[in-house]
Amino acid sequence: MESFKGVSPHRPLSENGKEIRIIKLLPNTFNAPVECELEHIVLKPGADYEAVSYCWGDASVTQPILLNGKPYPITVNLLDGLRYLRRKQSPRRLWVDSLCINQRCVAERSGEILKMREIYKLAKSVVIWIGDYRPFTRLQVKQEVSVRPKPYMKDAATSPHLICGDLVLPFAYLRAVDEYWVANTEDQRISLPPICPSLDRMKVIWYGHQNIVENREESTLAQRLAWILALVAGRFHATDQRDIVYATLGLLDASPLPSQLLPDYGKTPNEILIDCASFIITQSCLLTILPYNSMLTQSLPTWVPDWRHDSGYPVVLGAEAHSTTHARLLRDISALEVDVIFFTEISRVGPQLEHHDSAENLVSTWSNFLLDAEEQLSTNQLPIFGYSSFGKALWHLLLAFDLSHQGLHEPGSSSKGSSREWEVRNDSLEECLTALNATAPRKALFRCRDDSIGIMCQPDVTPQEGDKVCSIKGSYGDFILREYSDGYKIVGRCERSKRGDLTTRETGLHRWAGTTHVCAVYEGLWTTRDGCRKLIY
């Protein structure tokens, strides 16, 4: 632990880089004090140890154990895990990062993280402690499972084991259950909360790592780094934000790493995120990483993703930047020069959608925002019968934001099959607002001068009147920009009832339109329209 102030019990590791520490967890009863002894071993095939994966939890809240006979602080979650892992009669040899790596030595931490891929790959077994029945969203878990050889994923005897209290389940069993439901359901997946959401993430990353290993020559290091970070963005968590980048390095199949990416815990999280984004952009010109920013990390340039937000537009492994992309880094002023196509600007901002608001409260809260919307939006001529014009725009926003799976009936559908326009229904706004509220809490709605309506993709991000709506060539989707110095800052990405400057009707998009169709719309805009070269700070 970095907060440990006593004399460290860790002896230096050998300089040849082949040595690691493990702990010997001494046997005892469940409630007895936890005692461990440090050992040095050579990291090689057949080494006798189990690698433990777990979430650190709050590093400021610790309890002492005895490490080499002296008190040593560990987090409460790890203490619980060691108690459940401890045997009554015989010791257990484990690799646990916070105990086996000298957390007070920055140089050692930076070096040991590069060994973690081999540590988990060569371990006799991998044990995943998920604590008190919580889904495993720890960022490092993806590496711990993904680097295991393929037979281990099928063999329950050697598969990574999930441990939840005194329950033990081989990861291979979860895969078998998951694959059964995929193969035996037609229209929907049957979920097994709370583990399956994390399992879905793990499966994508595991297959992706196999793809990287088998097709290494088909992608550059920058492309692989962008792809794996996009997969974990907003899905996995790390106690130390620097590990958002560092925990992915073992999956890149790159040796040696360029100096820009070498782990260095002497750097701040923001310095590491800037180095990572700079490497991806300069080496691949990929601007598809821009939407992966929560926009909430302080003092970070807005073109640098913090990887805390999951974008709706995936980064494709091995994909090259679009031919119209321009990206030039100005390191001295921490700015990125790009080509921008401006569409419109924001004319009015509504309040954020709040969780669990009733339909009545929603309409009441939004009454001022909705007051003059009917007349302004009536010129859109959206091809939906039976809804007010604002209700139509909201519905098209639902389709654009992929929220129509919430069980809403499509406006204009009629059991009688009538094609005539229905009488405008009073509940249309309530229905659309309720759907948005249920699926997009803490996200701001806004209106634009081109009569479109939009919603911010990132939660807790609020646009302002006068902010610009645009497309950044090379990055799919609409962005909100705000003037800053001699350029702009990115406020966030948004979805609107238009795609670029085209209405939903003009683009031909409907509820089943996938990202390929949407991306084609933007690529068409980039090819046919000139952009303005602007600086993003």
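The values are calculated or read from the model by the stated rules, or taken from the named source; none is laboratory data. Here the structure is a predicted model, which means the values were calculated and not measured. No Cβ is skipped: glycine too gets one built from the backbone with ideal geometry, and neighbour counts run over all protein chains shown. Keep in mind that these areas ignore ligands, DNA and RNA; they rest on the heavy atoms of the full protein, side chains included. Shrake-Rupley method; radii C 1.70, N 1.55, O 1.52, S 1.80 Å.
Tell me, which residue of the range 476-491 that is open to solvent by less than 30 Å² (accessible area, probe 1.4 Å) and at pLDDT below 95 is farthest from V349 (Cα to Cα)? Here the answer is G477. Of the residues making up the range 337-362, those that are at pLDDT 75 or above and farther than 22 Å from C457 by Cα number 1.
Evaluated against (1) modelled with pLDDT under 85; (2) within 24 Å of S294 (Cβ to Cβ); (3) within 23 Å of the chain's Cα centre (by Cα), G514 falls short on exactly one condition, (2). Only one entry of E423, E495, E523 meets the criterion of being surrounded by 23 or more Cβ atoms within 10 Å (Cβ to Cβ) and either in a helix (DSSP H, G or I) or at pLDDT below 90 (or both), and that entry is E495. Would you confirm whether or not the range 77-92 contains a residue that is surrounded by fewer than 17 Cβ atoms within 10 Å (Cβ to Cβ), touching a strand residue (DSSP E or B) at 6+ places or on another chain (Cβ under 9 Å) and assigned to a strand (DSSP E or B)? Within the range 77-92, not a single residue is surrounded by fewer than 17 Cβ atoms within 10 Å (Cβ to Cβ), touching a strand residue (DSSP E or B) at 6+ places or on another chain (Cβ under 9 Å) and assigned to a strand (DSSP E or B). Checked against (1) open to solvent by 70 Å² or more (accessible area, probe 1.4 Å); (2) out of contact with any helix residue (DSSP H, G or I) (no Cβ under 7 Å at 6 or more places or on another chain); (3) farther than 19 Å from V126 by Cα; (4) at pLDDT below 95, E37 meets all criteria but (4).
Against the definition (surrounded by fewer than 19 Cβ atoms within 10 Å (Cβ to Cβ), part of a loop (DSSP other than H, G, I, E, B) and not β-branched (V, I, T)), how does P71 come out, yes or no? Steps first, answer last, please.
On the way: surrounded by fewer than 19 Cβ atoms within 10 Å (Cβ to Cβ): yes; part of a loop (DSSP other than H, G, I, E, B): no; not β-branched (V, I, T): yes.
Considered against the rule, which asks whether it is surrounded by fewer than 19 Cβ atoms within 10 Å (Cβ to Cβ), part of a loop (DSSP other than H, G, I, E, B) and not β-branched (V, I, T), P71 comes out as no.
Selection of the range 301-336 for residues being aliphatic (A, V, I, L, M) and either modelled with pLDDT of 90 or more or surrounded by fewer than 17 Cβ atoms within 10 Å (Cβ to Cβ) (or both) yields V304, V316, A319, A321, A327, L329, L330, I333, A335, L336.
Name, by its number, the condition in (1) of a type outside the set (V, I, T); (2) open to solvent by less than 40 Å² (accessible area, probe 1.4 Å); (3) closer than 19 Å to K88 by Cα that does not hold for G57. Evaluating G57 over (1) of a type outside the set (V, I, T); (2) open to solvent by less than 40 Å² (accessible area, probe 1.4 Å); (3) closer than 19 Å to K88 by Cα leaves (3) as the failure.
For the range 235-257: of the residues being in a loop (DSSP other than H, G, I, E, B) and open to solvent by 40 Å² or more (accessible area, probe 1.4 Å), which is modelled with the highest pLDDT? Can you show your working first?
Taking the range 235-257 first, the residues in a loop (DSSP other than H, G, I, E, B) are 235-236, 238-242, 247-248, 252-257.
Checking which are open to solvent by 40 Å² or more (accessible area, probe 1.4 Å) leaves us with 235, 239, 253, 255-256.
Working: R235: 70, T239: 71, D253: 66, S255: 73, P256: 78.
Filtering the range 235-257 for residues that are in a loop (DSSP other than H, G, I, E, B) and open to solvent by 40 Å² or more (accessible area, probe 1.4 Å), the one modelled with the highest pLDDT comes out as P256.
Across the range 115-137, the qualifying residues are those that are assigned to a helix (DSSP H, G or I) and touching a helix residue (DSSP H, G or I) at 6+ places or on another chain (Cβ under 7 Å), and the one among them that is modelled with the lowest pLDDT is R117.
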